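J.: Quick one: this structure, given as structure tokens, is what I'll be asking you about.
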Amino acid sequence: RAKDAGRNAIQLFRTTMQQAASARLQLESELRLALQRNEFELYLQPQVDARSARVIGAEVLLRWHHPVDGVRSPAQFIDVLEESGLIVEVGNWVIREACRIAASLLVDGVVDSDSFSLCVNISPRQFRQSDFVERVLEALKAVSLPHAMIKLEITEGIVIQNLDDTIAKMRRLCRQGVSFAMDDFGTGYSSLTYLKRLPVDVLKIDQSFVRDALDDPNDAEIIRAIVAMARSLRLEVIAEGVEQQAQLELLQAQGCHLYQGYLFSRPIPPADFGELLKTHSLS
Ligand code: C2E
Ligand code: MG
Ligand code: MG
Ligand code: MG
């Protein structure tokens, strides 16, 4: 009987694994189709300077407009894009499209090229491509975009895989005026040693710290430490996931004045973002 139970458990485990694997394959082929059918789109989430209430930039966030399920967010598919390698093609599209959006905001006169930038998320696999630097420069050139209008968000995961190659690529882009932000800061290794070596301009405080900072003194302390680190390395610091006024006040009390979060705006389609800037600059 115990043997039967064991056998049943193994069988159940196998079935579950098989189902998970086939769901993954199914998702992968849907994503391939989505790419062909242009079902991906980009939303923009404003980044704000709390001192002036000015919008200083926006993060570009991938969305999949699924014909049946509606808008799907990257949490549901980004891992599959990465593991299947599809992220390279999708990521290149994201960069081109982000440059196109930035150029049209510029043409519409709602942003200024030296006080506004779009932040684009870069995946590890995409960054590791040997032609990554060329792809970025081509996308900028295609729409004659001032290079400083694009900031690339990388994660600690990218850095630890191959520090020398990472630094070499970042330097090449930096020399061309493209800048970098370290995303989800505080969740990985967050080592001062590599941070000092990387040409990064901005640290993004991960939203998990912001979410719990009001209730958990440890998270508030981590925020304090990140702001101090940013200051000593002369980096900018921006907080993610700010939903409440009290969170913003805590951040500002610790010297972090730049933020993005639902408190100001959710990620929105580029057309709505343009509208938001128009009404915002009038108020
Ligand atoms: P991320 O780069 O850390 O992006 C911030 C995430 O926080 C976004 O989720 C955004 O919608 C969400 N967020 C912003 N403000 C708030 C808030 O106040 N409260 C809460 N609860 N969430 C907030 P999203 O758009 O679902 O993206 C999730 C992740 O997917 C991103 O995290 C990024 O790692 C990845 N991702 C998104 N777009 C791209 C892309 O184009 N390429 C790559 N490689 N990754 C992407
Ligand atoms: Mg990001
Ligand atoms: Mg982040
Ligand atoms: Mg994240």
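J.: For region 230-281, what are the residues that are closer than 20 Å to GLU153 by Cβ, among the polar types (S, T, N, Q) and more than 16 Å from ligand 4 (Cβ to nearest atom)?
T.: Selection gives SER265 alone.
J.: With the structure loaded, tell me whether TRP64 is over 19 Å from SER265 (Cα atoms) and surrounded by fewer than 17 Cβ atoms within 10 Å (Cβ to Cβ) or whether it fails that test. Please lay out each step first, then the result.
T.: Values: over 19 Å from SER265 (Cα atoms): yes; surrounded by fewer than 17 Cβ atoms within 10 Å (Cβ to Cβ): no.
No, not satisfied.
J.: Now for a different question. Out of the residues in region 193-234 meeting the condition of being within 16 Å of ligand 2 (Cβ to nearest atom) and part of a loop (DSSP other than H, G, I, E, B), tell me which one is most open to solvent (accessible area, probe 1.4 Å). Give the derivation first.
T.: Initially, region 193-234 is screened for residues within 16 Å of ligand 2 (Cβ to nearest atom), giving 200-211, 226.
Now narrow it down to the ones that are part of a loop (DSSP other than H, G, I, E, B): 200-201, 206.
Details: VAL200: 10, ASP201: 70, ASP206: 18 Å².
Ranking the qualifying residues of region 193-234, first place goes to ASP201.
J.: Also, quick follow-up: Taking MET149 and the conditions (1) out of contact with any strand residue (DSSP E or B) (no Cβ under 6 Å at 6 or more places or on another chain); (2) more than 16 Å from ligand 1 (Cβ to nearest atom), which numbered condition does it fall short on, given that it satisfies the others?
T.: Among (1) out of contact with any strand residue (DSSP E or B) (no Cβ under 6 Å at 6 or more places or on another chain); (2) more than 16 Å from ligand 1 (Cβ to nearest atom), the lone unmet condition for MET149 is (1).
J.: Additional query: Restricting the search to region 109-132, which residues are part of a helix (DSSP H, G or I), away from ligand 4 (no atom under 16 Å from the Cβ) and open to solvent by 20 Å² or more (accessible area, probe 1.4 Å)?
T.: ARG125, ARG128
J.: Of the residues ILE158, ILE122, ILE154, ILE150, only one is hydrophobic (A, V, I, L, M, F, W, C), at pLDDT below 95 and under 18 Å from the mean Cα position of the chain (by Cα); which?
T.: Numbers: ILE122 fails: at pLDDT below 95; ILE154 fails: at pLDDT below 95; ILE150 fails: at pLDDT below 95.
Checking each option against the conditions leaves just ILE158.
J.: A further question on this structure: Report whether or not ARG135 is touching a residue at least 40 places away in the same chain (Cβ under 8 Å), outside any loop (DSSP other than H, G, I, E, B), surrounded by fewer than 19 Cβ atoms within 10 Å (Cβ to Cβ) and more than 15 Å from ligand 4 (Cβ to nearest atom). Don't jump to the end; show me each part of the working.
T.: Working: touching a residue at least 40 places away in the same chain (Cβ under 8 Å): yes; outside any loop (DSSP other than H, G, I, E, B): yes; surrounded by fewer than 19 Cβ atoms within 10 Å (Cβ to Cβ): yes; more than 15 Å from ligand 4 (Cβ to nearest atom): yes.
When the stated conditions are applied, ARG135 passes them.
The values are calculated or read from the model by the stated rules, or taken from the named source; none is laboratory data. Just so it is clear, the structure is predicted and the values come from calculations on it, not from any experiment. Heads up, the Cβs are rebuilt from the backbone with ideal geometry, glycines too, and the neighbour counts pull from every protein chain shown. Surface areas here come from the heavy atoms of the whole protein model, side chains and all, with no ligands, DNA or RNA. Shrake-Rupley method; radii C 1.70, N 1.55, O 1.52, S 1.80 Å.
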